[in-house]
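Heads up, the thing below is written out as structure tokens.
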Amino acid sequence: LKWFEFAIYSLPVVLGRGSPSMGRRWLLASAAIVLAAAEEGEEEEPASAVAVAIAATLIGSVSVVMMLFYLVNWPDADIRRYSYQVISSTVSIFCAVLLFQTCNDMVELYVLDGAGIEVKVVVNFLHQMMWYCMLQVALATLSCQFKKNEVKQEIMDSEEDMEVVEINMKCWGVLLAHMTGFAAINSWGTIQQTDYFRQTPAHCMLVVPLALFANLALQRTTDTIRRIVSGEDANKLEEMWDEEVEEAENDVSGLALSWLSSQSLRYYIGGTLASTEGEEPEGLLHSTPECVHLFMCGFGFIICYTVVLIAMERRLRPIKHKIEEEKAEQEELLHHQLHRYEKAQKATDEARHRLRDIRQDADMQSFIKEVGDGKSPEQLVEIARRSVAEAQGAGGGNSAPLERAQRYLDVVELFAEAKRNFDASRAEALAVQKDWEKVRESERYEHSEKEVEELEEELEKHKGELGHRFMDMLVTAFSMSMAWAMFFASRWAVNNAGDAVFGTNQVLVALILALSLSTVCFGLIWVLDKLADADWTGEVADDAIKQVISAIGILIGFAWEQTFDAAVAALSSRTSDPHMTKFILAVFCVVLLVPAWKQYMLPMIVQEGWRFGFLYCHVPKVIDHHDDAQLNQFVATLDQLSKPFAQDEYEGPKARAGLLDTVTRKISKDSSEKRAAEALRIQNVKKKVEQRIQAFYGADAMEKFEAAVMKKRGAEPKFAGESAGLDVSYVKMLDPPQAVGDGHELDQGDL
């Protein structure tokens, strides 16, 4: 009614037809509306806790998604890599916790209900050993250890099969390692809850060395078994198996030791021992000094693993120094040849562009149409000279034929000269390559290469020793301890600051904490990345910074895991059967998340998809092989994207050629398997390419090409022009300045 009265009185005034009394009444009505609105605002009650939680979830989810879009498309490649690592870590931790807690709930419901602490300790350790054995068997199976040697060799000979094996091992290795780690947290955390160890923080800390020695014993046992299976000469699959198992076991030990340490520190600082799940009595708040002390413990863990990294570097520094000296000697031997190669390659490129420009000249094109194709530059010059002579002899007062013949002769002579220059520069480049190979085949260079191989084997042997493995495990444990300390200190601070706002709404507290930590941590990652890229930071400092960034990723994963855990608990608490609800939610989340994580997130890290923003192994699935325009656009985009891969003048061409070669092989393989007609087209294109190479470079060009590929296949590229075992000078044969009229022109789609 107030709004209706306002409209009735204001309309004449607005139209300029109202009297002064109407104007006064309009002002009074407006004032009444404002006062009524103020009264309504004073009487409005605050939103419920549920409404606040829903609002925070909505705003938080949209903010996080948009933030991730920014991060995975960041100009700095390192930031993109760290972003994908954080996403992968968060998803894997969430899935692992959800699966483990579901299984653990079933164990507590049907086995441990009403049991004493001694029975709980035994059952929890059996539960841990079950996951530990599953981890070992799964990695052995995924690395094809139970298959015949012939099958293993076929897999090792296929790059695509090895990539599949690696992704499977990374996926299930990380997932089962995290589940085993949380099972170890549960079993050793149960020991901390016994009467003896919960007496004081010092007694509670005694569980940490017990867990350390137990994990070391398990690691040595499994390591011995792998050595017996592999023998002295381990193949690629066995090396991958050993590497993935060691990484998984370090994660298990790191999770258990870091959690037990953080429990003891929280007990010492806060005066209360949290439960096995890390929960403290409801309503317990911690003072600001206690929060600061726990934060300082987190920084102390950073110092601890930096010291361990320095110790590891000192153990390996003499061997690394020798390797650097030998490689410097190799570079010195090849430096002169490299300079010659660069000069000859530049001259060859200039001559190639000159040839291409002349061929595209209008007079040149007209002359080719008149005389026909299939003739060499020398033959074209001879024909052009005869044409000039004939035009001069004909005379007749018509100078147009003579002028046209003279123009043809001029452009053909330029073409022949450019062709001679190109042949000379190309011959020089090939001669430099031969000299290069002579240097690499010399006794001094081969001795240096042998020394490097022996030193690298010695370096790997030192890394596999017990001492280095132990220090590597300590680095993992200290970094995770830092993450736990920072997380719980942040949770204490948020609980203190938001107690009056959030109350006992644990889901909202966890969500606010996860959003805050994510924002702060990603900003900190950006700062640390700038420090790592700085020239004044040494190798050890860079390793420490990267370890801090890795720990920050774990911290973000822990924060979101706690949020998801609180959300699942809140949803299940409203049902008649919370345990079954948790189980259904776990199955739903795992079925939804694990395949997506394995196919689209994890490969972005393992196969370095973060460099370009996509996975080349997915290209055959999304590209229409019959659409030449789409293929051309994609290859051009690849070449453009790969330029930032390495700005170095030698590494850049290698990276671009290697990427294009890999994607081309992927597309060709997919086509040959799924589309017979397309496979036939590819074979026709290949035949035309071979004919074109032979026409321009000689009949024996393909034999030289195949010999060079077979010789260099599998070798590590050493200089500009080598990539994926393929010399760039041969790759450029696919698009050379054609011999005039060679009869093997390729259209743009074929190229």
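What's the number of the only condition in (1) at pLDDT 90 or above; (2) within 17 Å of Glu249 (Cβ to Cβ) that Gln145 fails to meet?
So the condition that Gln145 fails would be (1).
Let's see how each residue does on (1) farther than 24 Å from Thr476 by Cβ; (2) surrounded by 14 or more Cβ atoms within 10 Å (Cβ to Cβ):
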residue: Ser89; (1), (2): no, yes
residue: Asp157; (1), (2): yes, no
residue: Met162; (1), (2): yes, yes
residue: Cys171; (1), (2): no, yes
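Scan (1) assigned to a helix (DSSP H, G or I); (2) among the aliphatic types (A, V, I, L, M); (3) surrounded by fewer than 21 Cβ atoms within 10 Å (Cβ to Cβ) for the single condition Leu139 breaks and write down its number.
Just one mismatch for Leu139, condition (3).
Return the pair list, or none, for Cβ contacts closer than 7 Å from residues in the stretch 539-551 that are hydroxyl-bearing (Ser, Thr, Tyr) to residues that are assigned to a helix (DSSP H, G or I) and open to solvent by less than 20 Å² (accessible area, probe 1.4 Å), at least 6 apart or on different chains.
Going by the 7 Å Cβ cut-off, the qualifying pairs are Ser550/Ser479.
Is there any pair with a first residue in the stretch 225-240 that is farther than 14 Å from Glu460 by Cβ and a second that is at pLDDT 85 or above and among the polar types (S, T, N, Q) whose Cβ atoms are under 8 Å apart and which are 6 or more apart or on different chains, and what are they?
From residues that are farther than 14 Å from Glu460 by Cβ, the pairs are Val229/Gln145; Leu237/Ser143; Leu237/Gln145.
Residue check, Asp577 against (1) touching a residue at least 40 places away in the same chain (Cβ under 8 Å); (2) open to solvent by 50 Å² or more (accessible area, probe 1.4 Å); (3) among the acidic types (Asp, Glu), all met but one. Which one?
Result: Asp577 fails condition (1) only.
When the residues of the stretch 351-364 are filtered to those that are touching a helix residue (DSSP H, G or I) at 6+ places or on another chain (Cβ under 8 Å) and not hydrophobic (A, V, I, L, M, F, W, C), which remaining residue is farthest from Asp410 (Cα to Cα)?
Arg352
Could you list, ordered by first residue, the pairs with Cβ atoms under 8 Å in which the first is in the stretch 580-603 and within 17 Å of Arg81 (Cα to Cα) and the second is surrounded by 15 or more Cβ atoms within 10 Å (Cβ to Cβ) and of a type in the set (Phe, Trp, Tyr), at least 6 apart or interchain?
Met601/Tyr84
Condition test on Ala36, is it surrounded by 13 or more Cβ atoms within 10 Å (Cβ to Cβ), modelled with pLDDT under 80 and more than 29 Å from the chain's Cα centre (by Cα)?
no
Among the numbered criteria (1) under 24 Å from Asp542 (Cα atoms); (2) in contact with a Ser or Thr (Cβ under 7 Å, 6 or more places away or on another chain), which one does Arg81 miss?
Answer for Arg81: the failing condition is (2).
Which residue out of Leu99, Leu176 is open to solvent by 10 Å² or more (accessible area, probe 1.4 Å), modelled with pLDDT under 90 and within 21 Å of Gly254 (Cβ to Cβ)?
Working: Leu176 fails: modelled with pLDDT under 90.
Unique residue meeting the criteria: Leu99.
Of the residues Ile310, Ile302, which single one is within 27 Å of Thr272 (Cβ to Cβ) and part of a helix (DSSP H, G or I)?
Ile302
Checking the condition among the aromatic types (Phe, Trp, Tyr), under 17 Å from Ile87 (Cα atoms) and at pLDDT below 80, which residue from Phe564, Phe522 passes?
Phe564
Filter the stretch 543-584 down to the residues that are among the acidic types (Asp, Glu) and farther than 15 Å from Ser479 by Cα and list them by number. Lay out the reasoning, then the answer.
Residues of the stretch 543-584 among the acidic types (Asp, Glu): 543, 561, 565, 577.
Answer for the stretch 543-584, where residues must be among the acidic types (Asp, Glu) and farther than 15 Å from Ser479 by Cα: Glu561, Asp565, Asp577.
Has the stretch 323-343 got at least one residue that is surrounded by 14 or more Cβ atoms within 10 Å (Cβ to Cβ), of a type in the set (S, T, N, Q), in contact (Cβ under 8 Å) with a residue 40 or more places away in the chain and over 29 Å from Ile549 (Cβ atoms)?
yes
Mind listing whichever residues of the stretch 432-444 are closer than 25 Å to Lys346 by Cβ and not polar (S, T, N, Q)?
Val432, Lys434, Asp435, Trp436, Glu437, Lys438, Val439, Arg440
Kindly indicate the residue of the stretch 397-423 that is among the aliphatic types (A, V, I, L, M) and surrounded by 14 or more Cβ atoms within 10 Å (Cβ to Cβ) and also farthest from Glu350 (Cα to Cα) among those meeting that condition.
Leu402
Please identify the pairs in which a residue from the stretch 275-293 that is over 18 Å from Gln562 (Cα atoms) has its Cβ atom under 7 Å from the Cβ atom of a residue that is among the acidic types (Asp, Glu) and open to solvent by 40 Å² or more (accessible area, probe 1.4 Å), counting only partners at least 6 apart or on another chain.
Qualifying pairs under 7 Å: Leu285/Asp499.
Taking the criterion of being of a type in the set (A, V, I, L, M, F, W, C) and modelled with pLDDT under 75, would at least one residue in the stretch 343-363 satisfy it? Explain how you work it out, then say what you get.
Taking the stretch 343-363 and keeping what is of a type in the set (A, V, I, L, M, F, W, C), we get 344, 347, 351, 355, 358, 362.
So of that shortlist, the ones also modelled with pLDDT under 75 come out as none.
No, there is no match, as no residue in the stretch 343-363 is of a type in the set (A, V, I, L, M, F, W, C) and modelled with pLDDT under 75.
Which of the residues belonging to the stretch 211-245 are hydrophobic (A, V, I, L, M, F, W, C), within 16 Å of Val137 (Cα to Cα) and open to solvent by less than 90 Å² (accessible area, probe 1.4 Å)?
Leu218, Val229, Leu237, Met240, Trp241, Val245
Check off (1) within 30 Å of Ile525 (Cα to Cα); (2) open to solvent by 20 Å² or more (accessible area, probe 1.4 Å); (3) at pLDDT 85 or above for Leu58 and give me the number that stays unchecked.
(3)
Considering only the stretch 249-285, state which residues are at pLDDT below 85 and either over 37 Å from the mean Cα position of the chain (by Cα) or open to solvent by less than 10 Å² (accessible area, probe 1.4 Å) (or both).
Passing the criteria: Gly278, Glu280, Pro281, Glu282, Gly283, Leu284, Leu285.
Here is a check on your reading of the model: is Met134 under 33 Å from the mean Cα position of the chain (by Cα), open to solvent by 20 Å² or more (accessible area, probe 1.4 Å) and over 16 Å from Ser187 (Cα atoms)?
It is true that Met134 is under 33 Å from the mean Cα position of the chain (by Cα), open to solvent by 20 Å² or more (accessible area, probe 1.4 Å) and over 16 Å from Ser187 (Cα atoms).
What number of residues within the stretch 592-613 are part of a helix (DSSP H, G or I), surrounded by 16 or more Cβ atoms within 10 Å (Cβ to Cβ) and of a type in the set (Phe, Trp, Tyr)?
2
The values are calculated or read from the model by the stated rules, or taken from the named source; none is laboratory data. These figures come from a predicted structure and were not determined experimentally. Don't worry about glycine lacking a Cβ; one is built from the backbone with ideal geometry, like all the others, and counts go over all protein chains shown. Surface areas here come from the heavy atoms of the whole protein model, side chains and all, with no ligands, DNA or RNA. Shrake-Rupley method; radii C 1.70, N 1.55, O 1.52, S 1.80 Å.
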